[in-house]
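Report on the structure given below.
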Amino acid sequence: MSLCLSEQETIIRFDESCRTALIYTASPKFKAKLEKIGLKPKREVGESAWFSVPKKAVSLKIGK
(Lines give C-alpha, C1' and ligand atoms only; values in the text may rest on other atoms or scores of the structure.)
Protein backbone atom coordinates (compact mmCIF):
# COMPACT_ATOMS: atom_id res chain seq x y z
CA MET A 1 0.00 0.00 0.00
CA SER A 2 1.55 3.31 -1.02
CA LEU A 3 1.58 6.39 1.16
CA CYS A 4 -0.38 9.53 0.29
CA LEU A 5 1.70 12.58 -0.67
CA SER A 6 1.43 14.22 2.76
CA GLU A 7 2.84 11.06 4.36
CA GLN A 8 5.89 10.98 2.07
CA GLU A 9 7.95 13.10 4.42
CA THR A 10 11.70 13.51 4.87
CA ILE A 11 13.29 14.49 8.18
CA ILE A 12 16.94 15.40 8.72
CA ARG A 13 18.04 15.22 12.36
CA PHE A 14 21.34 16.02 14.01
CA ASP A 15 22.63 17.45 17.26
CA GLU A 16 25.85 19.06 18.44
CA SER A 17 27.13 15.95 20.24
CA CYS A 18 27.46 13.80 17.11
CA ARG A 19 29.29 14.09 13.79
CA THR A 20 26.56 12.36 11.81
CA ALA A 21 23.09 13.32 10.68
CA LEU A 22 20.19 10.91 10.42
CA ILE A 23 17.91 11.18 7.40
CA TYR A 24 14.52 9.52 7.60
CA THR A 25 12.48 9.42 4.43
CA ALA A 26 9.19 7.92 3.34
CA SER A 27 9.54 9.60 -0.06
CA PRO A 28 10.38 7.20 -2.90
CA LYS A 29 11.84 10.08 -4.93
CA PHE A 30 14.16 11.29 -2.16
CA LYS A 31 15.17 7.72 -1.27
CA ALA A 32 16.11 7.13 -4.92
CA LYS A 33 18.21 10.33 -4.93
CA LEU A 34 20.10 9.25 -1.82
CA GLU A 35 20.73 5.79 -3.28
CA LYS A 36 21.81 7.31 -6.62
CA ILE A 37 24.62 9.21 -4.86
CA GLY A 38 25.78 5.96 -3.27
CA LEU A 39 24.14 5.99 0.15
CA LYS A 40 22.82 2.72 1.52
CA PRO A 41 19.92 2.68 3.98
CA LYS A 42 20.84 1.71 7.54
CA ARG A 43 17.29 0.47 8.08
CA GLU A 44 14.19 -0.03 5.94
CA VAL A 45 10.60 -0.64 7.03
CA GLY A 46 8.03 -0.80 4.26
CA GLU A 47 8.51 2.29 2.10
CA SER A 48 10.51 4.15 4.78
CA ALA A 49 14.29 4.25 5.06
CA TRP A 50 16.90 5.68 7.43
CA PHE A 51 20.28 6.90 6.21
CA SER A 52 23.30 8.14 8.14
CA VAL A 53 25.52 10.85 6.62
CA PRO A 54 28.36 13.03 7.90
CA LYS A 55 26.89 16.21 9.39
CA LYS A 56 29.23 18.21 7.12
CA ALA A 57 27.32 16.84 4.13
CA VAL A 58 24.12 18.64 5.20
CA SER A 59 23.70 22.14 3.79
CA LEU A 60 20.82 24.47 3.10
CA LYS A 61 20.30 26.49 -0.04
CA ILE A 62 17.82 29.30 0.25
CA GLY A 63 16.13 30.22 -3.03
CA LYS A 64 15.58 33.71 -4.26
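Residues checked against (1) in contact (Cβ under 8 Å) with a residue 12 or more places away in the chain; (2) on the phi > 0 side of the Ramachandran plot; (3) surrounded by 10 or more Cβ atoms within 10 Å (Cβ to Cβ); (4) more than 12 Å from the chain's Cα centre (by Cα):
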| position | (1), (2), (3), (4) |
| --- | --- |
| Ala26 | yes, no, yes, no |
| Lys31 | yes, no, yes, no |
| Glu35 | no, no, yes, no |
| Gly38 | no, yes, no, yes |
| Glu44 | no, no, yes, no |
| Glu47 | yes, no, yes, yes |
| Ser52 | yes, no, yes, no |
| Ser59 | no, no, no, yes |
| Lys64 | no, no, no, yes |
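Of all residues being part of a strand (DSSP E or B) and of a type in the set (S, T, N, Q) in the stretch 1-35, which is farthest from Ala49 (Cα to Cα)? Just the residue, please.
From the stretch 1-35, those part of a strand (DSSP E or B) are 10-13, 20-25; that's our starting set.
Subsequent filtering for residues that are of a type in the set (S, T, N, Q) retains 10, 20, 25.
On the way: Thr10: 10, Thr20: 16, Thr25: 6 Å.
That would be Thr20.
Looking only at the stretch 6-24, filter to residues that are surrounded by 10 or more Cβ atoms within 10 Å (Cβ to Cβ) and acidic (Asp, Glu); which one of those is farthest from the chain's Cα centre (by Cα)?
Step by step, filter the stretch 6-24, then rank; the result is Glu7.
Could you say whether any residue in the stretch 10-18 is farther than 15 Å from Ala57 by Cβ, at pLDDT 95 or above and not polar (S, T, N, Q)?
Checking the stretch 10-18: at least one residue is farther than 15 Å from Ala57 by Cβ, at pLDDT 95 or above and not polar (S, T, N, Q).
The values are calculated or read from the model by the stated rules, or taken from the named source; none is laboratory data. Because the structure is a prediction, the values reported are computed rather than measured. Cβ sites come from the backbone with ideal geometry, for glycine too, and all protein chains shown count toward neighbours.
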